[in-house]
1. Among (1) touching a residue at least 24 places away in the same chain (Cβ under 8 Å); (2) open to solvent by 30 Å² or more (accessible area, probe 1.4 Å), where does Asp165 come up short?
2. Just the residues that are assigned to a strand (DSSP E or B) and either under 13 Å from Ser95 (Cα atoms) or open to solvent by less than 80 Å² (accessible area, probe 1.4 Å) (or both), please, taken from the stretch 33-60.
3. Can you list residue pairs whose Cβ atoms sit under 7 Å apart, with the first residue in the stretch 102-116 being closer than 17 Å to Ser84 by Cα and part of a strand (DSSP E or B) and the second being open to solvent by 20 Å² or more (accessible area, probe 1.4 Å) and modelled with pLDDT of 95 or more? Count only pairs 6 or more apart in sequence or on different chains.
4. Restricting attention to the stretch 133-149, which residues are open to solvent by 30 Å² or more (accessible area, probe 1.4 Å), part of a loop (DSSP other than H, G, I, E, B) and touching a helix residue (DSSP H, G or I) at 6+ places or on another chain (Cβ under 8 Å)?
5. What are the pairs, 6+ residues apart or on separate chains, where a residue within the stretch 52-73 that is closer than 19 Å to Phe137 by Cβ has its Cβ under 8 Å from a residue that is open to solvent by 70 Å² or more (accessible area, probe 1.4 Å) and part of a helix (DSSP H, G or I)?
6. Within the stretch 67-90, can you find the residues that are surrounded by 24 or more Cβ atoms within 10 Å (Cβ to Cβ) and among the β-branched types (Val, Ile, Thr)?
Amino acid sequence: MSEPTLLLISGSLRKGSYNRALLRQAANAFGPANVIEGDIDFPLYNGDLEEAEGAPQKVKDLSEQLKSADALIVSSPEYNKGVSGVLKNALDWLSRVDFAAFKGKPTVVLSAAAGRTGGETGLFMTQSCLSQFQVRFIFGPPIMVAAAHKEFDADGNFTGEVYADMLKLRMQELRSEIS
């Protein structure tokens, strides 16, 4: 098999996001792969916009990337004890383009947040949203990076081994699911 395609989706649009850093660490732990960072900077879903213009090209592009990916990793912060608005909006748009693109896709959900729970509620809500798409979750101990500002250095690398080791095991599991 050639290198697998790994689609990364961050529930944060911020370039310096700890969730983006966590996704990069996940891709590194996964090993050799064609890595695609999905762009979910979409306009707010609006049925009138969809009817008048159809789905935005960026939504169609991400849907195509999702279809061609061998696996999906989603990492999102927790906003006010919930899933991030941009991630939920992206899922709403994607559901209008090709709902089946997610079906059976090996998927890992991660979280990094400033708080002491590492985004626990947001992670579980993200899994709940994704479950409607019938992804194939690769479960294990949840990887929720708490006090994320202390767990990543200025270059986005882990400052300790605990999360790195957990992530390495989960990425080995993900890789074995697509081999």
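The values are calculated or read from the model by the stated rules, or taken from the named source; none is laboratory data. All values reported here derive from a predicted model rather than from experimental measurement. Methodologically, a virtual Cβ is constructed for each residue, glycine included, from the backbone with ideal geometry; neighbour enumeration extends over all protein chains shown. Heads up: the accessible areas ignore ligands, DNA and RNA and are worked out on the full protein's heavy atoms, side chains in. Shrake-Rupley method; radii C 1.70, N 1.55, O 1.52, S 1.80 Å.
1. (1) is the only condition that Asp165 fails.
2. Asn34, Val35, Ile36
3. Val109/Gln127; Ser111/Met144; Ala112/Tyr18
4. Of everything in the stretch 133-149, those that are open to solvent by 30 Å² or more (accessible area, probe 1.4 Å), part of a loop (DSSP other than H, G, I, E, B) and touching a helix residue (DSSP H, G or I) at 6+ places or on another chain (Cβ under 8 Å) turn out to be Gln134, Gly140, Pro141, Pro142.
5. Note: pairs meeting the criteria are Ala71/Glu177.
6. Ile73, Val74, Val83
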